[in-house]
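First the structure, in the form of structure tokens, and then the observations on it.
The values are calculated or read from the model by the stated rules, or taken from the named source; none is laboratory data. Note that the structure is predicted; figures quoted are calculated from it, not measured. When we count neighbours, we look across all protein chains shown, and the Cβ atoms used for this are built from the backbone with ideal geometry, even at glycine.
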Amino acid sequence: MLAAWLPAPRVLELRELPAPEPAPGEVVVRVRIALTCGTDLKTYRRGHAKLPFGAFGHEGVGEIVAVGEGVEHLRVGQRVTWLPTAPCGTCFTCRRQRYNLCRNLFDAVVVGTYAEYLKINARVARVHVFPLETLSDLRGAFVEPLACVLHAWRMLEPLPGARVCIVGTGAMGYLHLMEARARHCETIVVGRRPERLQLARTLGATETVLATPDPQHWMETVRTLTDGGADVVIEATGAKEIWQLAPDLAAPGGKVLLYSGLAKGETVSILAERWHYDELTILGSFHFTTPDALQALERLHQSEFAVEQLITDTCPLREIVQVFEQLDRGEGIKYAIVP
């Protein structure tokens, strides 16, 4: 089978590999569509903190072509999506039902969606493979990224107010915008590119703010639009500067979600006075749980989640190298890859 392979940063290859066979408990899918994402781009640029180089890609939809011994809840011919991980169920955090923080989460990861076929390991196949029924391939492939966003919104509850400022106009920032709109929040989206802000307005942003080189200028604009600060600030850039500035956009009593991760070993500084005296809640968010994925499946049946507008282009697998070169240059939001 044809598959993308990442042996080193910015070294992406197409290889002919043996088609996988399922062991007991596993399933094999023929990939119908795979989506690029920010995590894949960061992995392409610098590797992944938890995973080795090699098989590449984790968002997708496929058709089951083989099931291993003991698999009874899935069948050949089903069109499915999947999550790349599943909790072990026995570690310290799993016993406390913090399943997304499983200490053994990366022991059994499904990667390699940029390929003609993909094997889904037994741990994931048991709980995190979802038949799509009427959902299209493209919308179904958004279950995993949207589940990550919905998990973050669970952490933000109860919302301290309805004014939400989203900093960042990548795919995840837009998914946060869609969820904010679904919750009837007033939304301000901050970004560096006018065309990305235009898309935010198309997707329903109440206001947009162009991030000029002087951050104090656009931050003051946000404060003016929010009458002193947003109730919720969502960092969706993965930029250290924005991690440090985000709390300054929040109203007293507000919540700040540091959503997009930084490189391993990075540190940030936050003004302690505001954190303490204005009772800011500063949150990190990681991954997803099964309920998040089930909610994502429901959300993706709603027309308000116009995820199709996030797709820059649909390309064949043979063009995957060029696609990531384009993403590395900042060209495009999200690409659909079809083997």
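Figures for the structure shown
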| quantity | calculated |
| --- | --- |
| Residue list for region 98-138, filter: at positive phi and touching a Gly at 6+ places or on another chain (Cβ under 8 Å) | G112 |
| Boolean, A115 is in contact with a helix residue (DSSP H, G or I) (Cβ under 8 Å, 6 or more places away or on another chain), over 29 Å from V256 (Cα atoms) and buried (at least 21 other Cβ atoms within 10 Å of the Cβ) | yes |
| Number of positions in region 219-273 that are loosely packed, with under 15 Cβ neighbours inside 10 Å and farther than 22 Å from W153 by Cα | 15 |
| Condition check for A49: exposed (fewer than 14 other Cβ atoms within 10 Å of the Cβ), hydrophobic (A, V, I, L, M, F, W, C) and closer than 21 Å to S260 by Cβ | yes |
| Those helices (runs of 4 or more DSSP H) lying entirely in region 54-152 with at least 1 residues in the same structural domain as A34 (by TED's automatic domain parsing), more than 17 Å from the chain's Cα centre (by Cα) and of a type in the set (F, W, Y) | 92-95 |
| Output for region 281-303, where each listed residue is closer than 22 Å to A55 by Cα and of a type in the set (D, E, K, R) | none |
| Counted residues, region 63-86 - those being closer than 19 Å to A108 by Cα, of a type outside the set (A, V, I, L, M, F, W, C) and crowded, with 17+ Cβ neighbours inside 10 Å | 4 |
| Residue match in region 139-156 (condition: surrounded by fewer than 21 Cβ atoms within 10 Å (Cβ to Cβ) and at positive phi) | no |
| Test for A306: is it within 19 Å of the chain's Cα centre (by Cα), in contact (Cβ under 8 Å) with a residue 24 or more places away in the chain and closer than 28 Å to A55 by Cα | no |
| Sole residue being without any contact (Cβ under 8 Å) to a residue 40 or more places away in the chain, of a type outside the set (A, V, I, L, M, F, W, C) and more than 22 Å from A263 (Cα to Cα), chosen from G62, G77 | G77 |
| Residue check, G54 under 15 Å from V31 (Cα atoms), surrounded by fewer than 22 Cβ atoms within 10 Å (Cβ to Cβ) and of a type in the set (G, A, S) | no |
| Any pair with Cβ under 6 angstrom, 6 or more apart, that starts in region 129-151 at a residue that is within 19 Å of P339 (Cβ to Cβ) and ends at one that is at pLDDT 95 or above and basic (K, R) | L132/R79; D137/R32 |
| Selection within region 255-299 - hydrophobic (A, V, I, L, M, F, W, C), part of a helix (DSSP H, G or I) and either assigned by TED's automatic domain parsing to the domain that holds G238 or at positive phi (or both) | A272, W275 |
| Every pair of residues 6+ apart whose Cβ atoms lie under 9 Å, when the first sits in region 189-205 and is farther than 14 Å from V164 by Cα and among the small types (G, A, S) while the second is modelled with pLDDT of 95 or more and in a helix (DSSP H, G or I) | G191/G173; G191/L197; G191/A200 |
| The listed residue being polar (S, T, N, Q), in contact (Cβ under 8 Å) with a residue 24 or more places away in the chain and touching a strand residue (DSSP E or B) at 6+ places or on another chain (Cβ under 7 Å), out of T290, T281, T312 | T281 |
| Among residues of region 245-304, those that are β-branched (V, I, T) and closer than 16 Å to A147 by Cβ, counted | 2 |
| Output for region 35-66, where each listed residue is of a type in the set (A, V, I, L, M, F, W, C) and in contact with a helix residue (DSSP H, G or I) (Cβ under 8 Å, 6 or more places away or on another chain) | L35, C37, L41, L51, F56, V61 |
| Residues satisfying the stated conditions in region 280-318, i.e. charged (D, E, K, R), surrounded by 15 or more Cβ atoms within 10 Å (Cβ to Cβ) and over 29 Å from L245 (Cα atoms) | R299 |
